[in-house]
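Single-structure report; data block below.
Just so it is clear, none of the values below were taken in a lab; they were calculated from the coordinates. Fair warning: this is a prediction, and the values are worked out from it, not measured in the lab. FYI the Cβ positions are ideal-geometry reconstructions off the backbone, even for glycines, and counts take in every protein chain you see.
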Amino acid sequence: MCGIVGYIGPREAYPIIITGLKRQEYRGYDSTGIALINENGLEVFKKKGKVAELELSLLGKPVNAHIGIGHTRWATHGEPSDVNAHPHKSNNEKLAIIHNGIIENYAQLKSELIKKGYSFKSETDTEVLVNFIEDIQKNTQSSLEEAVRIALKRVSGAYVILLLDEDNPDTIIAARKGSPLVIGIGKDEHFLGSDATPMLEYTKEVVYVNDYEIAIIKAGELILKNLGNERQMPYISKLDIELAAIEKGGYDHFMLKEIYEQPTTIYDCLRGRLDAEKGTITMKGIQDHIEALIHAPRYIIIACGTSWHAALEAEYIIEELCRIPVEVEYASEFRYRNPIINKGDVIIAVSQSGETADTLVAIEKAKEQGAFIFGIVNVVGSSISRASHAGAYTHAGPEIGVASTKAFTAQLAVLMMIALKIAKEKGTIENSRYMELLVELENIPEKVDAILKNGDLLKPIAEKYKDAGNALYLGRGYNFPIALEGALKLKEISYIHAEGYPAAEMKHGPIALVDKNLPVVFVATKDEYHAKIVSNIQEIKARKGKVIAIITEGDDLIPSMADDVFAVPTANEIIAPLLSVVPLQLLSYYIGVAKGCDVDKPRNLAKSVTVE
Ligand code: AGP
């Protein structure tokens, strides 16, 4: 949820940490802060608001140092404020801590500490933890590393913590459980981050820290241990991300850049996997487990948010092509619902970040019951990718805009390839249909490019509806999950309340909302339900609703009844969702911009939800 950054080595720590925090800001932007150790001892600077505001406030301040930690916050305990911002110092002012996660038993620890005379400036769980560590250090005369180990055995919840100790100015102590931590290996220096973005220009060698590991980091040394105080061998991975991938590349916003990257990202996702000429789909993760996947009595797809919409789309496609029953689960509900998992059931976990706590905990739960986990993830080396038995990366590249766009279309492309491959292997699809769908999928990048070339046509439509208080998104069949996704994008980006619905469901209640002020967005590309969706549009028009319709090029019926239309190229109904979602992404973007919203960092949101 929050972003953490750290540096120790010969370089100036401050600029590395500030740049790193700006790159982590999509993880939370309620407040920010840094701690440094220099000739003045342990210094903490923190402030409510964005990193740029902190940077401004520190102009001319003594921020020279070769060791430091930094934090950008998504508030969980205590409202966004200067005092609740991280880092937090211990009562003896010797320790400073930053934390990403939630300490669930902090209230009980806090009351124990208050009885011992500790006082607290903030409302945060994190300040309780650093004082708990100070107390253990004091009572056991132990090193900071040892005190951290003892403390972490007593806390419940999720955490990545980084600590500085004024008495040990050459060491950073870090620990992880549930939230992500990456350590970059340099020559006589180390970089720390919630992901690899803070260290991209310095090193391509990283260690993904595992749960229950503590790292003792000096400039020239990295020691990993478990909570049992046993040394762990760091596994060094190579990064394949370039700096340009996390820069705006001349676009006003990451969201717009990522929407316009989709012809390339969908191509990259298909590349080396789909060959329509040969009629093949090559996916090692699927091939290695093809028997289990073909004979599975049921697929359970677990996800959250936009990834859940990709999962719902997969239910339609897999059941249609593979004839395997599919259930789609909100990870957070699945986790606590005590679900029934039968022998042979396959769990598919879909996640852009690969760090969403609800999804991670849900698959751990399913693994306890012996389920086979197949992960579909975008971030390489992320927790869900490492917790899965097999998987497929979506290769959409770093997605910085909080609203997921290119990762969604890449998820759809991967799920469509999986469905086609399994249907082919299982013999539940005619070869002619199989080949036709492969060609359709291969042509998608070009068709998305054509849509984007007309993207500006959505600007006046966005201008027209930007002051709406509510909106409805409707679709049938394969277009229903896209209606849900369109509604989520508008909510996230423009703060307009929007609901996605199966179009036929309207008559059972929501149609009561329709009047001349309500924009109703129809995902109405050509498919077998077309006549039905036309009637639904007429029902809305009969109540003076404003209809915006995403249609298939050449459809001359709907334009005669809708207020606004946007046409996408023709495609098979199973593949068309990859096209119809793009104008919905752009519509929400242009409405958000027209309303002056921070489209890359919408209020109250964060890119990766690492707490339950
Ligand atoms: C989508 O735009 C949102 N950022 C959010 O709903 C997101 O899809 C959800 O948090 C799941 O994230 P994940 O794909 O990284 O697991």
- Cα-Cα over 28 Å, subset of 459/526; 464/489; 48/406; 115/218; 50/121; 110/365: 48/406; 115/218; 110/365
- So what is the diffusion coefficient of the chain in µm² per second by Stokes-Einstein at 4 °C and 1.567 mPa s, using a Kirkwood Rh over Cα pairs? 51 µm²/s
- Query: Long-range amide H contacts for residue 372: which residues qualify at under 5 Å (H placed 1.01 Å from N, peptide plane, sequence gap of 5 or more or a different chain)?
  - Reply: 347
- Message: Quick check of the Kirkwood formula: for the range 331-421, what is the inverse mean of 1/r over all pairs of different Cα atoms, in Å?
- Response: 13.5 Å
- Using Cα atoms only, what is the angle between the long axis of helix 125-140 and the major principal axis of the chain, expressed in degrees (0 to 90) to the nearest 10? 30 degrees
- Any idea what Rg and Dmax come out to for the range 202-268 if you just take the C-alpha atoms, in Å? 18.1, 49
- Task: Kindly provide the helix-only [θ] at 222 nm of the chain, computed as the sum of -39,500 (n - 2.57) over DSSP H runs of four or more divided by all residues, to the nearest 500 deg cm²/dmol?
- Result: -11000 deg cm²/dmol
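Take the alpha-carbon positions of the range 287-360, form their convex hull, and give its projected area averaged over all directions (one quarter of the hull surface) in nm².
So the Cα hull casts an average projection of 5.1 nm².
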- Item | Percent RCO, i.e. relative contact order, over the chain, from Cα pairs under 8 Å lying at least 6 residues apart | 12 percent
- Task: Rounded to whole Hz and in sequence order, give me ³J(HN,Hα) for the range 29-37 from the Karplus expression 6.51 cos²θ - 1.76 cosθ + 1.60, θ = phi - 60°, writing x for Gly and Pro.
- Result: 9, 7, 6, 8, x, 9, 10, 10, 10
- Message: Straight-line reach only, C-alpha to C-alpha below 15 angstrom: list the aspartates and glutamates that residue 238 could link to, leaving out same-chain residues fewer than 8 apart.
- Response: 195, 201, 205
- Query: Could you list, bin by bin from short to long, the percent of Cα-Cα pairs of the range 358-466 in 5 Å steps?
  - Reply: 2, 10, 13, 15, 17, 14, 12, 9, 5, 2, 0
- Item | 3J(HN,Hα) from dihedral phi, the range 289-303, Karplus parametrisation 6.51/-1.76/1.60, rounded to Hz, x for glycine, proline | 10, 4, 4, 4, 6, 6, 9, 4, x, 6, 9, 10, 9, 10, 6
- Message: So if each residue of separation counts as 0.36 nm, and I subtract the Cα-Cα distance between residue 432 and residue 515, what length gain in nm does that give?
- Response: 25.3 nm
- P(r) over all Cα-Cα pairs of the range 108-242, 10 Å bins from 0 to the longest distance, whole percent per bin, short to long, reads 11, 40, 32, 13, 3, 0
- Message: Please give the Cα centre distance for the range 180-242 versus the range 493-549, rounded to the nearest Å.
- Response: 51 Å
- On a 0 to 90 degree scale, rounded to 10, what angle separates helix 444-453 from the longest Cα axis of the chain? 90 degrees
- Message: Going Cα to Cα from residue 278, which lysines come in below 16 Å? Please leave out same-chain ones fewer than 8 positions away.
- Response: 421, 424
- Message: Need one number for the range 519-612: average projected area of the convex hull over its C-alpha atoms, nm².
- Response: 8.4 nm²
- Once the principal axes of the Cα atoms of the range 68-135 are found, what is the range along each, listed largest first in whole angstroms? 31, 24, 18
- Item | Calculated FRET value between residue 470 and residue 532, using beta carbons and R₀ = 25 Å, to 0.05 | 0.55
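What dipole magnitude, in Debye to the nearest 20, does the chain give about its Cα centre under +1 on Lys/Arg Cβ and -1 on Asp/Glu Cβ?
Working: 67 positive and 83 negative charges, 159 e Å.
Here the size comes out at about 760 debye.
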- Task: List, in the order given, every pair from 153/187; 284/343; 466/516 whose Cα-Cα distance in the structure shown is over 21 Å.
- Result: 153/187; 284/343
- Query: Once the range 13-124 is represented by equal point scatterers at the alpha-carbon sites, with solvent omitted, what log10 I(q)/I(0) does the Debye formula produce at q = 0.12, 0.14, 0.16 Å⁻¹?
  - Reply: -0.42, -0.57, -0.73
- Dipole of the range 185-236 [Lys/Arg +1, Asp/Glu -1 at C-beta], most positive-end residue of 223, 236, 207: 223
- Per 5 Å bin, what is the whole-percent P(r) computed from every C-alpha pair distance within the range 408-560? 2, 8, 15, 19, 19, 15, 10, 7, 4, 1, 0
- Query: If amide H atoms are built 1.01 Å from N in the plane of the peptide, which residues on other chains or at least 5 residues away come under 5 Å of the amide H of residue 327?
  - Reply: 299, 300, 301
- Item | Simple label model, 7 Å out from Cα along Cβ direction - residue 221 to residue 12, nm | 2.9 nm
